[in-house]
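Scroll down for the structure; my scribbles are underneath it.
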Amino acid sequence: MITRMSTLFLRTLREDPADAEVPSHKLLVRAGYVRRVAPGIYSWLPLGLRVLRNIERIVREEMDAIGAQEIHLPALLPKEPYEQTNRWTEYGPNMFRLKDRKGGDYLLGPTHEELFAQTVKSEYSSYRDFPVILYQIQTKYRDEERPRAGILRGREFVMKDSYSFDLDDGGLGESYRLHRDAYIRLFDRVGLRYVIVAATSGAMGGSASEEFLAESDTGEDTFVRSTDSDFAANVEAVVTPAPEPKSIEGMPAAEVHHTPDTPTIETLVDFLNDAGLGRTFTAADTLKNVLVKTRQPGTQEWELLGVGVPGDREVDMKRLEAALEPAEVALLEEADFAANPFLVKGYVGPKSVQDNGVRYLVDPRIVTGTAWVTGADKADHHVVDLVCGRDFAPDGTVEAADVREGDPSPDGEGTLTAARGVEIGHIFQLGRKYTDAISLDALGQDGKPQRVTMGSYGVGVSRMIAAIAEQSHDELGLCWPREIAPADVYVVIAGKDDSVRDGAERIAAELDEAGVRVILDDRVVSPGVKFADAELVGVPTILVVGKGLANGVVEVKDRATGDRTEVAVDSAAGHLV
Ligand code: ATP
Ligand code: MG
Ligand code: MG
Ligand code: MG
């Protein structure tokens, strides 16, 4: 069926949306693929939905090819299974929780290990039933502290999650390998540039977990890889624990005030005023004695103190805003440092590396605050945790690693280079954590129960669209690889004459007949508007039917390379099929 621009539910935008910082976000909104409803929550419009469906199709094909079976579990879940594994508590504030009319606790599933394990337990019981791989493509919910970049980090998003169930470690290894190979095929097919990186420390079990990172400067993960060997790791996996922050006993007990997610000067001023700190703040104010605390994503624990700035090291609002902007900061307090035995000296500002015997790998784009806490006797001088890091290492400190760009690699070959990526897939040999929690056993050949071992494997289906758009666009718009594009060809009717219109209609019909997916721009608008939208929407081929038609030719333009060729009208369809 031909898609007609005259009736397509689509309004493209000439301007970038105000809240968009990264290209994929700007372009997916401008080209009318998605629309924001609330932070991290998006609607899919016709073109976006087509791309999503194409990705889902490819994911299904690759999962089915390894013998995985598709099922579909609810997203609205009772608390009990998550209580059994302790994740009702452990998962922290990222879990959306709600109550039913009777007061029962429910959650919106952020990931489904519990339910899959339970489902297998309720259906299977014999060693003959295993191995089995089950998957779903489903909407997931995570109350991300910093939803970001449109669909790149949503609070509602589409994930393919699969789970393998095996009788022994060898079986789990095989299920893991099947997934790894399937993911390679899948990410190759959608045309992504990606790396596979160790996601857990090599010292702690080799390939038990790997991530697929789409290479992109806008990514939130930093990875290092060797110039001469296969070594590649997420810096989170090679992190050195930061030194224990020294005691800050003596600090006055904090009164808790929450800032908005991402403070701006205006919200900061409002916040400070609302906090009842005993004076009125304005955007022009200089702050003294402001204590900043942060907490790491996914926990309830306040991690740290931050910045108190007496004397010449006053922090003005502008600098405070810059420092807070990328942070997980949620607490501010004015404290009387002068009366405190622990004086916080320091500043908030960009800082890359700190000494104190610990080397930090800090992306220079991450604004980082450093503070020194000096004891009453001024001898106890040490670095406390850096504030304001965008990514926190698993131990809750800033992104810090014992490896740096230019270091030799851990496996003795080559030197390390660092880059950033977007996590598009994650494969994980879970082992028996969940099957132990619910006693998922198979009755063995010898009549004895055998504990099942489990793997968990995720693909960010909706995130992939943003990752592809990040890698595949130019200043004019999106450039989709054919297999996931919302159409194959965008036919521009570039002329008012009936003959041009009729010619374009005929070519579109021929293409459609031949199985080519056609968008026909039959709107009554200027050719300029049509050309701009053709580039913005980003289907792989643009076919222009215009003046040349009188001489029997049309123009075919390759969206990605920009190459233009004139082809005879009669062979236009043949040229594209
Ligand atoms: P991240 O490190 O980006 O927060 P994650 O490690 O928490 O991701 P997993 O639990 O491994 O995510 O989930 C599997 C996959 O789901 C991820 O590899 C990613 O592609 C995707 N994903 C996770 N969180 C989001 C999100 N908020 N929005 C879109 N996709 C997501
Ligand atoms: Mg996460
Ligand atoms: Mg991750
Ligand atoms: Mg992950």
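What follows draws every value from the coordinates through simple rules; no lab data is involved. Treat the numbers as computed from the prediction; the structure is a model and nothing was measured. All Cβ positions, glycine included, derive from the backbone under ideal geometry; neighbour counts span all protein chains shown.
Annotations
- Karplus (6.51, -1.76, 1.60) ³J(HN,Hα), θ = phi - 60°, over the range 26-39, in Hz, Gly and Pro reported as x: 4, 6, 5, 6, 4, 7, x, 8, 9, 9, 6, 10, 7, x
- Packing-based exposure ordering (other Cβ within 10 Å, fewest first) of ASP168, ASP100: ASP100, ASP168
- Separation of the range 77-127 from the range 473-500 is 46 Å, based on Cα centroids.
- Local electrostatic count, SER43, Cβ distance below 9 Å [Lys/Arg +1, Asp/Glu -1]: +2
- The range 444-567 shape via C-alpha gyration tensor axes, a/c threshold 1.5: prolate
- Cα gyration tensor shape for the range 1-139, rounded if a/c is under 1.5, else prolate or oblate: oblate
- Coupling constants for the range 131-142 follow from the phi torsions by the Karplus curve (6.51 cos²θ - 1.76 cosθ + 1.60, θ = phi - 60°), and in residue order they are x, 9, 10, 10, 9, 9, 10, 8, 7, 10, 10, 9 Hz; glycine and proline get x.
- Computed from backbone phi with θ = phi - 60° and the Karplus coefficients 6.51, -1.76 and 1.60, the 3J(HN,Hα) list for the range 547-556 is 3, x, 4, 4, 9, x, 10, 10, 9, 10 Hz; x is used for glycine and proline.
- Nonlocal amide H pairs with VAL132, under 5 Å, H built at 1.01 Å: PHE165
- Restricting the range 490-562 to trypsin sites (Lys or Arg not before Pro) that sit in a DSSP loop and have at most 14 other Cβ atoms within 10 Å of their own Cβ leaves LYS496.
- Local electrostatic count at VAL422 - Lys and Arg +1, Asp and Glu -1, tallied over other residues with Cβ under 12 Å: -2
- Order of THR280, THR12 - criterion: other Cβ atoms within 10 Å of each residue's Cβ, fewest first: THR280, THR12
- Reported value for the range 145-225: 143 Å³ per residue, from the convex hull of its C-alpha atoms.
- Taking Cβ atoms as reference points and 11 Å as the exclusive limit, the residues near PRO23 contribute a net charge of -4, counting Lys and Arg as +1 and Asp and Glu as -1.
- Legend: ranking of residues ILE2, ILE151 from fewest to most surrounding C-beta atoms inside 10 Å; resulting order ILE2, ILE151.
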